[in-house]
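Accompanying notes for the structure given below.
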Amino acid sequence: MVLLGLSVPLVLAGCDSDDGDPTLDSETAANGDTAGEGEGDTADEGEGEDGTDTGGEELGCQAETPYAGGWDIGCCQDEIVPNGWAPGAVNVGTILPDWTFNDQFGDAVRVYDFCHEAIYFDYVALWCGSCQALAPTVSGLFDTYDQRGLMTLTYVSEGADGSPATLADVQAWTNTYNHKGLVVTSGLQDVWYPFGVDTGGGSFSISLPGVILVGPNMKIAKMGEPTIQEIELVIPDAP
């Protein structure tokens, strides 16, 4: 299968294709209108330009989270300098781009807002049986390590029929596996780069699910599924 908009052929391969969990049908997704919720108007609160107190609210990364998911944001976004993001050139040490994704609440989420945490990043499709099998593990990792500084980020690339993922697909995945971390999609064409294997002639294939472990400051710490010990090494807070 070819993803439209790419300058190189990309084939998704290596994932067990099955009908999967019937609850993953996008028509079973939550219908709540959550877009834009949680986006607090913090920019004008706190101390005014003339030094007057306009309410005492914290500003910027010290403010209440702007996200409906309730996730904390970091203060290190502007310290990160992306590097080396190209097909076949993503390795341990490569820094993620400053992507903005659409999450399960309909919010536009900036990845660099989570620069203070490690990220377990998995790349999935709704039709992928192996992705479905991994999903409960990802959900459990967030439940176990959230308070110690691990965010899970599941990027849903395609729906059950192989078409580009929609908000309904993202919500279906979230609800089926009770994800409390990020579940996202986007129209961006460079998210697959860490998971593509060069098959020659400018073609790349991906065995789903694709997994990377990202350390604080957005630097890739592990290509492929990490062990618990490898996760323990990169999360910010020791037990």
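The values are calculated or read from the model by the stated rules, or taken from the named source; none is laboratory data. Everything quoted here is computed from the prediction, not taken from an experiment. Positions of Cβ are backbone-derived with ideal geometry, glycine not excepted, and every protein chain shown enters the neighbour counts. Side chains are part of the model used for accessible areas, which takes the heavy atoms of the whole protein and leaves out ligands, DNA and RNA. Shrake-Rupley method; radii C 1.70, N 1.55, O 1.52, S 1.80 Å.
What the table shows:
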| item | result |
| --- | --- |
| Criterion violated by A135 - all others in (1) at pLDDT below 95; (2) among the hydrophobic types (A, V, I, L, M, F, W, C); (3) not in a strand (DSSP E or B) satisfied | (1) |
| Sole exception among (1) under 15 Å from Q104 (Cα atoms); (2) surrounded by 22 or more Cβ atoms within 10 Å (Cβ to Cβ); (3) not aliphatic (A, V, I, L, M) for Q132, by number | (1) |
| Strands (runs of 3 or more DSSP E) fully within the range 68-126 counting 2 or more residues that are surrounded by fewer than 22 Cβ atoms within 10 Å (Cβ to Cβ) and of a type in the set (G, A, S) | none |
| Among the residues listed as Y112, Y120, the single one being under 12 Å from the mean Cα position of the chain (by Cα), more than 18 Å from V211 (Cβ to Cβ) and aromatic (F, W, Y) | Y112 |
| Long-range neighbours under 6 Å by Cβ, at least six apart or interchain, first residue touching a residue at least 12 places away in the same chain (Cβ under 8 Å) and over 21 Å from S207 (Cβ atoms) within the range 126-149, second of a type in the set (F, W, Y) and surrounded by 13 or more Cβ atoms within 10 Å (Cβ to Cβ) | S139/Y177 |
| Residue within the range 177-184 that is on the phi > 0 side of the Ramachandran plot and open to solvent by 30 Å² or more (accessible area, probe 1.4 Å) present | yes |
| Any hit, the range 77-97, residues being over 27 Å from F204 (Cβ atoms) and touching a strand residue (DSSP E or B) at 6+ places or on another chain (Cβ under 7 Å) | no |
